[in-house]
Amino acid sequence: MIVAEQLTKRYGDKTAVSQVSFTVQPGKVTGFLGPNGAGKSTTMRMIVGLDRPTAGTVTVNGRPYADLRAPLTEVGVLLDAKAVHTGRSARNHLRAMAATHGIGRGRVDEVIELTGIGSVAGKRAGKFSLGMGQRLGIAAALLGDPQTLILDEPVNGLDPEGVRWVRQFVRHLASEGRTVLLSSHLMSEMAQTADHVIVVGRGQVLADAELSHLVRSWTTNTVAVRSPRLTELVAAITAPGPEFTVTVTEPGAAEITGITAASLGDLAASLGIPVHELTSRTGSLEEAYLALTGEAVEYKSKEIA
């Protein structure tokens, strides 16, 4: 379990993290989301003792990271896949890490095979592609078979097979009762991976909820309908009150909020109006995320007309 309480970090006049509190529970994959500059990396660095908090506390399994006697066996960390000795082979890099904790060479071979880098384990890590570097970083995080895993953008640079493997593997780890904190900018991937989501913006927690609850709270379900008598159907829907919104997408087709597909289908049937399409569309994590962080984006791109 990871517990942050009123965690704050300032660099001179800039506050990178401000009074952040959250708990990362075991048995779940917790997604850690936020725009660039939101304070995610700073928070993760404070969790593992690379940055000292200006105020507040953060513990892993009840203790500060610095107090852990054998950190590799308790917390697996991937914050920067490039943090390797570029002149060493992948295998020797992992062996050097293992030696600091008395971890046997057999475990090094296990994580090499587990992460799919067996064919390049004898090559210098400095020559690795971005994807292979990520796999090596994940291997290093898994080296001590830790109960807590903290991964910052672990699928960055991976091919589709690698992305799916990471998704399935972290969910497997969580199913074993381990604590998994996962940061990513890929909303579609996070939607398939995370059980719980913490969203930060401008150094503060914007949301801390189960993924399904977050999506329901910040998005609107829409019903797509297509009918040769659309105008008549829309008139019947909107007659009772203004709680419905109708957006005509093309002649004879519209997207409607404020009504379920079942209710709309029943209404059309009762009026004898033919319906050629009736599709319910639920909101996405990406839509919820954008709605949450719209005012907290520090580096915003120009809209394309």
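Observations
- Extreme residue, positive dipole direction of the chain, given options GLN168, THR231, ILE256 (C-beta unit charges): GLN168
- Among residues other than PRO26 with Cβ under 11 Å from its Cβ, the summed charge is +1 (Lys and Arg +1, Asp and Glu -1).
- Each of the peptides 106-115, 189-198 was scored by the mean count of other Cβ atoms within 10 Å over its residues; in descending order, highest first, they stand as 189-198, 106-115.
- Dipole magnitude of the range 10-56, debye to nearest 20 (Cβ charges: Lys/Arg +1, Asp/Glu -1, about Cα centre): 40 debye
- Cα gyration tensor category, rounded, prolate or oblate, for the range 220-281 with a/c compared to 1.5: rounded
- The range 47-104: C-alpha gyration tensor shape, a/c 1.5 cut-off, then a/b vs b/c: oblate
- The spacing between the range 121-183 and the range 85-118, judged by their C-alpha centroids, is 14 Å.
- Calculated from backbone phi, Karplus (6.51, -1.76, 1.60) coupling profile of the range 66-76 in Hz, x at Gly/Pro: 5, 8, 6, 6, 9, x, 4, 8, 10, 9, x
- Pairs of Lys residues in the range 2-210 that lie 8 or more places apart, or on two chains, and have C-alpha atoms under 27 angstrom apart add up to 9.
- Between the range 1-66 and the range 196-268, the alpha-carbon centres lie 36 Å apart.
- Residue-averaged 222 nm ellipticity for the chain, from DSSP H runs of 4+ at -39500 (n - 2.57), nearest 500: -10000 deg cm²/dmol
- Selected from LEU211, GLY12, THR73, residue furthest toward positive end of dipole (the chain; charges at beta carbon): THR73
- For the range 127-258, the dipole from Cβ point charges (+1 on Lys and Arg, -1 on Asp and Glu) about the Cα centre works out to 180 debye, to the nearest 20.
- Student exercise, the chain dipole from Lys, Arg, Asp, Glu Cβ charges, in Debye to nearest 20: 1440 debye
- Close amide H contacts of GLY201 (hydrogens built in the peptide plane, cut-off under 5 Å, sequence separation of 5 or more or a different chain): LEU206.
- Axis angle, to the nearest 10 degrees, between helix 160-175 and the longest C-alpha principal axis of the chain: 80 degrees.
- Antiparallel DSSP beta bridges within the chain, percent to nearest 5: 65 percent
- Helix 261-271 axis versus longest C-alpha principal axis of the chain: approximately 10°, rounded to the nearest ten.
Laboratory data are not the source of any read-out in this text; all were calculated from the coordinates shown. The structure presented is a predicted model; accordingly, all values stated were derived computationally and were not measured. Using ideal geometry, Cβ is built from the backbone for each residue, glycine included, and neighbour counts are taken over all protein chains shown.
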